[in-house]
Amino acid sequence: MEGAGFDIDALREEIEKLVLLEEVAERRQQMIEQRLEQATQAGIAPETIRKELGLSKESIQRLLDQKTPDLAQRLGISQETADNLAQPIG
C-alpha cells in the first residue's frame, strides 16, 4: 500500500498554516511600503532611510520600487494553488 501511515491531511494543514503566515507577511510588507512612501513624501531622503535602517542599496531600491514578490511567488507555487490553499477545507 503506497504511503501507508502518512498523514496527507496533516501536510495540507501545515501548508495552509504557511499560506496564512505568508498572507500576514504580505500585509506587513504592504504596510512597510506605505510607510516608506510616506517618509519619502515627508522629505526624508531614501539614502537617509537606507543608512538609518541598515539596508543595502538593493533592498531600499526594491522597497521604493515596490517590486516585492507576491504570496504565490514567495511560496514558489501558482496563484491558483495559493488561492486554493488559502481556503481551508470544510
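The values are calculated or read from the model by the stated rules, or taken from the named source; none is laboratory data. As the structure is a computational prediction, the values presented were derived from the model and not from experiment. With ideal geometry, Cβ positions are generated from the backbone for all residues, glycine too; neighbour counts draw on all protein chains shown.
Residues are listed down the side, and each one gets a yes or a no for (1) more than 27 Å from ASN84 (Cβ to Cβ); (2) surrounded by 12 or more Cβ atoms within 10 Å (Cβ to Cβ):
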{"site": "ASP7", "(1), (2)": "no, no"}
{"site": "GLU16", "(1), (2)": "no, yes"}
{"site": "GLU33", "(1), (2)": "no, yes"}
{"site": "ALA42", "(1), (2)": "yes, no"}
{"site": "PRO46", "(1), (2)": "yes, yes"}
{"site": "LEU55", "(1), (2)": "yes, yes"}
When residues of the range 56-74 are filtered for being basic (Lys, Arg), out of contact with any helix residue (DSSP H, G or I) (no Cβ under 9 Å at 6 or more places or on another chain) and farther than 15 Å from GLN34 by Cα, how many remain? 0
Per the list (1) under 15 Å from the mean Cα position of the chain (by Cα); (2) modelled with pLDDT of 90 or more; (3) among the aliphatic types (A, V, I, L, M), residue check on ALA10 breaks on (1)
Would you check which residues across the range 58-77 are out of contact with any Lys or Arg (no Cβ under 9 Å at 6 or more places or on another chain), surrounded by 11 or more Cβ atoms within 10 Å (Cβ to Cβ) and not in a helix (DSSP H, G or I) and list them? GLN66, PRO69, ASP70, ILE77
